[in-house]
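This report concerns only the one structure given below.
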Amino acid sequence: MTPEPCDKCEELLQGYLDRELGDAEMREAEVHLDGCDYCRRRYRFESNLRMYVRTTAAERMPPGLIEKLAELRSTGAA
């Protein structure tokens, strides 16, 4: 059974974002993304999510927030 184009793009998406695909697979993903609004939105979402995670992982939480989270953890565990 041949995978549907969007299913194939889904399989390639993480490798495409990581630039780990070979030339042929990169072209295949790009062609599909150019013509498929749904997959293009998925790509943008995944790309933005990665950027958000990188940005927030680099930012330090304010001390007050750290204390509140510690409180919630200790009361939630009781």
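Any read-out appearing in this document is the output of simple, stated calculations on the displayed coordinates, not a laboratory observation. These figures come from a predicted structure and were not determined experimentally. Glycine also receives a Cβ, built like all others from the backbone with ideal geometry; neighbour counts cover every protein chain displayed.
What residues of the range 1-30 lie in the reach of a label at residue 54, counting those whose backbone N is under 14 Å from a point 7 Å from the Cα along Cα→Cβ? 17-20, by backbone N distance to the label point. Only helices enter the 222 nm calculation for the chain: every DSSP H run of n ≥ 4 contributes -39,500 (n - 2.57), and dividing by all residues gives -27000 deg cm²/dmol, rounded to 500. Hey, for a label at residue 26 modelled as a point 7 Å past Cα toward Cβ, could you say which residues of the range 43-71 have their backbone N under 19 Å away? Those under the cut-off are 43-44, 47.
The order of the peptides 8-20, 42-54 by mean Cβ neighbours within 10 Å, most packed first, is 8-20, 42-54. Direction-averaged projected area, Cα convex hull, the range 5-77: 7.2 nm², rounded to one decimal.
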